[in-house]
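**Q** Below is the structure I would like to discuss, written out as C-alpha cells.
The values are calculated or read from the model by the stated rules, or taken from the named source; none is laboratory data. Just so it is clear, the structure is predicted and the values come from calculations on it, not from any experiment. Here Cβ is always computed from backbone atoms with ideal geometry, including for glycine, and neighbour counts include all displayed protein chains. Heavy atoms of the whole protein, side chains included, go into the accessibility calculation; ligands, DNA and RNA do not. Shrake-Rupley method; radii C 1.70, N 1.55, O 1.52, S 1.80 Å.
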Amino acid sequence: RLIQAARPRRPALTLSEPKLRFPDIDTEPVVLSKSEREALKAVSRPPVDSPVAHTRDLADALKVSPGTATTVIKRLADHALVDYTPYRGVELTTTGRIAAVAAIRRHRIVRDAIGQIRLKRRQVGERE
C-alpha cells in the first residue's frame, strides 16, 4: 500500500468583473445608412443650452421634418446607439458615441480624399 503525500489545495480561481463590456464578437456589425450617420453626428452635437438633443433641433440640423427625424432616431434606438425618450430628447449611448466618432472620421477622410483628387486634377490641368 502506497502512502500519498497530501497535495496542498489551490485557492479557487476568481476573476473580477471587467470594467468595460464590449459587444459579443459573434454579433453582426451594424451598417448605418447615410441618413442614420448624419443623425448620429447631429445627436453628438446637441445645442449649447441643452445637454440632450431634441427632435426639433435634429430636424432643423438635418433639414427634414420632425416626423422623419423621429423615425431615424427610433431606428438608431433599435440599434442601441441612442437613448430616446419621447418629449425628453435623445442621448448617445457608449456604442453610439463610438459610432458617431467613426462617422465623423469617415466624413473627414472622404472630404480630405476628394480635396486631394481635386488638387491633383488642378495640377494636371495646369501642366497641359
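**Q** Does R121 count as without any contact (Cβ under 8 Å) to a residue 12 or more places away in the chain and farther than 22 Å from S33 by Cβ?
**A** yes
**Q** Can we say P18 is within 24 Å of R105 (Cβ to Cβ), open to solvent by less than 100 Å² (accessible area, probe 1.4 Å) and at pLDDT below 90?
**A** No.
**Q** Across region 64-89, which residue is surrounded by the most Cβ atoms within 10 Å (Cβ to Cβ) among those that are of a type in the set (A, V, I, L, M) and closer than 15 Å to S35 by Cα?
**A** Once the filter is applied, the top-ranked residue is V82.
**Q** How many of the residues in region 65-100 are touching a residue at least 24 places away in the same chain (Cβ under 8 Å), of a type in the set (V, I, T) and in a helix (DSSP H, G or I)?
**A** So the answer is 3.
**Q** Give the residues of region 46-63 that are open to solvent by 60 Å² or more (accessible area, probe 1.4 Å) and among the hydrophobic types (A, V, I, L, M, F, W, C), sorted by residue number.
**A** Across region 46-63, the qualifying residues are V48, A61.
**Q** Looking only at region 32-64, which residues are in a loop (DSSP other than H, G, I, E, B), β-branched (V, I, T) and modelled with pLDDT of 80 or more?
**A** Within region 32-64, V52, V64 meet the criteria.
**Q** Return the residues of region 102-123 that are of a type in the set (A, V, I, L, M, F, W, C) and open to solvent by less than 70 Å² (accessible area, probe 1.4 Å); say none if nothing qualifies.
**A** A102, A103, I104, A113
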